[in-house]
1. Based on alpha-carbon centroids, what's the gap between the range A:348-377 and the range B:48-67 in Å, whole number please?
2. Please rank C:VAL108, B:VAL293, A:VAL84, fewest neighbouring Cβ atoms within 10 Å first, as an exposure proxy.
3. Counting only Cα, what are the radius of gyration and maximum Cα-Cα distance Dmax of chain B, in Å?
4. If you average over every viewing direction, what projected area does the convex hull of the Cα atoms of the range C:2-162 give, in nm²?
5. How large is the dipole of the range B:98-256 about the Cα centre if only Lys and Arg carry +1 and Asp and Glu carry -1, each at its Cβ, rounded to the nearest 20 debye?
6. Distance from a point 7 Å along Cα→Cβ of C:THR118 to each backbone N in the range B:295-310: keep the residues under 16 Å and list them by number.
7. Quick one: longest stretch of chain A between exposed loop trypsin sites (Lys or Arg not before Pro), exposed meaning at most 15 other C-beta atoms within 10 Å and loop per DSSP?
8. So what is the relative contact order of the range C:2-162, in percent, for Cα pairs below 8 Å that sit 6 or more residues apart?
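Here, each number is a calculation from the coordinates, and none is a lab measurement. Source: prediction; values computed, not measured. Glycine gets a Cβ as well: all are built from the backbone with ideal geometry, and neighbour counts include every protein chain shown.
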Amino acid sequence: MAIFPIVIVMALYVSSIPIAFALIAAALAYFTFGDVGSPPDLILQTFITSASSFPLLAVPFFIMVGEIMNFSGISASLMKMADVLTGHMKGGLAQVNVVLSTMMGGISGSANADAAMQSKILVPEMEKRGYSAAFSTAITAASSSIAPVIPPGINLIIYALIAQVSVARMFIGGYMPGILMAIALMVTVHIIAVRRGYKPVRDKMSPPGEIFKQLKHSIWALLLPFGIILGIRFGVFTPTEAGAIAVVFCTVVGVFFYKELRWHHFPIIMRNTVYATSAVILIIVAASIFGRYLSWERIPFLLTRSLMGFAAEPWMMLIVINIFLLAMGMFLEGGAVLIIVAPLLVPVVTAMGVHPVHFGLILIVNIMIGGITPPFGSMMFTTCSITGVPISDFIKEVYPFIIALVIVLIVITYVPGLAMFLPNLL
Amino acid sequence: GSSEVADDDYKLVLRLSHVFNPAEQLSKSMDLVAERIYERTDGAIEIQTFPQAQLPAYKEGVEQVVRGANFISVEDPSFIGDYVPDMKALYAPMMYESFEEYTTLTQTDLVQDMIARAEESGIKILTLDYIYGFRNIITREPVRSPADLTGKQIRVPGTDLYINTLNNMGAIANPLPWGETLSAVQQGVVDGLEGSEFTNIGNRVYETGATHVGLSRHILGTCGVYINIDVWNGIPEQYRVIIEEEFLKGAVEGTQILSDNHAAVVAELESHGVQFHEVDGAAFRARLAPMYVETAGMTPGIFEAVFAELDAMRQ
Amino acid sequence: MKKTLTTILFNTEEIVSAAFLSVTVSVVILNVVMRYVFRSGIFWVEEVATTAFIWSVFVGAAAVYKRKMHIGIDLITKLFPESIRKIIVIVIDLMMIAINGYVCYLSVFMIQANRLKTTPVLNIPAMYVNLSITVGFGLIMLHAIYFLYKDVKYLITGDAAAAPPVAATTKLDS
Ligand code: NA
Ligand code: NA
């Protein structure tokens with residue numbers, strides 16, 4: 001078994017070569033210098049085949065949706081809605097922070113976009129009202145992990161492709177874990193707020209009239225997630241097409257209802273979409289090419305066999321895998337972990353009787369926790385670099401949230417009925 | 001070819017790639033053949049099998065073979081059509097009425113000549129005789145004639161053979177990715193799909209409400225086993241004999257198992273409420289006439305020659 | 001006028017990539033509309049949408065590299081002093097030239113080998129798809145050569161103005 005490509009990836013990655021190019025270089029080195037028995041240029045076919053997948057198109061569509069939301073007034077409208085609903089609670093703005101991420105999750109799928117936006121909008125507001133910068137940054141990073149778990153989400157789609165399960169079932173399956181994450185974070189916020197005496201934003205609960213008024217304004221933004229799920233459920237469009245429809249919907253809402261979207265926003269929206277899409281898809285392509293090396297050497301097969309010898313029972317296997325993933329998530333980017341690890345682990349756990357949809361939900365919640373865990377959590381980097389909070393201060397504030405999310409992870413892992421209840425209805 | 005005598009430490013690893021999932025008969029056949037070859041050659045020839053397109057498959061897989069990789073590609077004969085265009089005549093729609101018609105045809109001089117011509121493109125065809133079943137029309141409403149299919153949206157794989165076949169048969173071919181197919185059928189995005197009874201039962205297609213199967217037998221799913229000619233000639237004679245024997249034996253056994261299983265699968269599908277209907281084959285075949293026309297690179301009259309062989313069998 | 005032209009030239013990759021992505025979005029939406037208005041989808045949508053997407057991704061990847069926005073960890077710039085860092089970035093530039101140059105070289109080989117192949121639905125020569133690799137990775141190599149030139153100049157002259165923008169390493173949107 002040739003393992004030199006794995007060494008090459010690690011070496012290039014820590015030398016600041018972008019992960020996509022590290023993966024490509026390692027695979028090309030294998031197909032050029034390894035004992036492969038196949039001409040190296042043939043591996044290039046994989047660049048094309050891995051990217052020419054129709055369901056993958058949902059990725060740029062939902063990235064574009066996220067961009068449009070920020071310019072169309074949809075994000076702002078959702079923020080006001082969250083404020084009206086939770087502003088009276090102890091630690092009001094911190095609760096707003098969590099609820100906003102949950103609602104945003106129903107439309108877009110990017111934790112980093114969510115983290116970046118709320119670091120810019122919410123954290124300064126929280127600081128004004130007496131929250132420490134580190135706490136504000138920590139709850140922003142932690143709650144951004146909800147957005148990709150609530151459907152739609154790029155990771156849900158990518159996992160569905162890898163595990164060959166239906167995107168619609170992964171989408172439906174994301175609700176319960178996402179909502180549990182939100183509840184766990186809100187409870188944690190409440191405990192901290194009581195201890196530290198954080199004040200609510202508003203004196204008492206918003207009167208029904210005000211909630212109704214805000215609901216009327218935010219209804220267009222709130223309708224979108226329902227439209228997406230209903231549209232897929234009743235066969236109006238496929239999950240991929242739902243992304244394209246959402247682009248149109250957000251544009252229409254931004255232009256005609258909130259009247260904030262302007263012509264000059266479109267070049268910025270397209271540019272940002274192109275950057276995010278190309279960066280994400282290039283990693284997917286590179287990981288597929290690296291995956292060719294893995295399968296050529298039968299590494300998934302060998303790993304499966306040894307893991308099965310290591311943990312004979314599914315519950316033990318899930319402990320081993322969860323610890324393994326949390327460890328990987330601390331050092332690697334979540335999306336990269338998903339793409340590299342899922343093809344290896346899905347056959348292992350399904351052979352032991354774990355449902356692939358259930359495992360996908362465990363996997364995605366797990367890697368989102370990795371995104372807020374030092375030393376390499378991506379949402380930690382995003383929020384800290386925008387708010388200027390030192391990583392050491394961030395760590396002191398984020399650990400209660402990590403514990404809360406790990407509890408959710410354990411519940412989802414060992415109460416399959418909770419995660420699988422909704423997908424089983426489909 | 002060379003006829004070097006094998007020395008004791010001769011060892012060759014060949015990677016065999018196909019697209020079937022491990023539960024399917026074709027997967028099991030390949031694993032069994034590989035195992036028998038390994039035993040009979042005392043480990044000199046190790047064929048590692050890779051299911052579900054884990055390694056390059058379809059055109060990519062055949063390309064590995066053509067380019068001289070230590071690789072065995074298991075694909076339908078239409079992929080060899082890129083190199084020997086006449087092969088496409090074996091994979092036109094509604095050619096065969098039984099498995100035997102196909103396996104008899106592959107033994108004729110007509111097809112043996114195509115197999116010989118493939119070697120000039122670097123492809124040694126070990127056998128063409130692996131069969132994975134007829135594809136039929138699976139719909140909500142019964143389909144017995146082209147009129148029944150008119151205006152119906154049928155999901156097909158995204159290649160021109162399937163698109164043209166279903167369009168000519170009267171349907172509106174709708175190429176959808178397999179992952180989106182079942183929900184599309186269930187929710188009425190399309191009116192049905194086409195596939196074998198094994199696909200039907202394996203994916204519980206009948207649960208989507210598409211419970212009628214029109215026995216159009218429009219495509220016979222078949223596979224050949226391909227290896228690079230130079231790689232092949234580099235293998236000592238004694239092992240080549242074993243490899244060829246075992247792949248042939250595997251095909252014959254596999255087809256027998258498939259036939260036996262098919263009856264059971266049909267019975268089980270019927271127990272789930274699936275109804276089977278014979279179709280007006282002549283009417284469909286008449287509509288498919290445009291597909292029995294030679295395209296660029298094919299020998300003029302090749303379709304007639306194939307039909308002549310088939311007619312001879314049917315007398 | 002001159003400024004506009006420079007802006008357009010500097011953003012060529014972004015514009016080309018965005019144009020291809022617009023094609024992808026448009027044909028997918030068109031297909032949904034056709035299916036509901038005319039009860040008939042368009043058979044070539046999948047192939048056109050994915051082909052335009054491939055071009056968008058590979059040309060876009062060059063734009064992302066130009067802006068130094070590809071995802072990685074920035075360990076080197078944190079661990080070493082400025083003097084050593086200057087040399088390391090040159091080594092990284094050289095590696096990027098080698099990796100992308102090799103992909104580019106292999107893609108020419110692939111196009112040669114595939115000159116008879118056509119796409120499955122529209123039967124367009126495969127070259128029109130495969131060329132996206134040559135163009136995308138070729139552009140990345142050219143940017144890497146330019147970064148190398150700047151970094152070497154910075155090493156020799158110490159002129160900070162000659163240094164390319166500091167790697168703004170972003171993280172994968174997940
Ligand atoms: Na938040
Ligand atoms: Na989401």
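1. 30
2. B:VAL293, C:VAL108, A:VAL84
3. Radius of gyration, then largest Cα-Cα span, for chain B: 20.2, 65 Å.
4. 13.2
5. 660
6. B:295-299
7. Longest site-free region, per DSSP loop and neighbour criteria: A:263-426.
8. Normalised by residue count, the contact order of the range C:2-162 is 24 percent.
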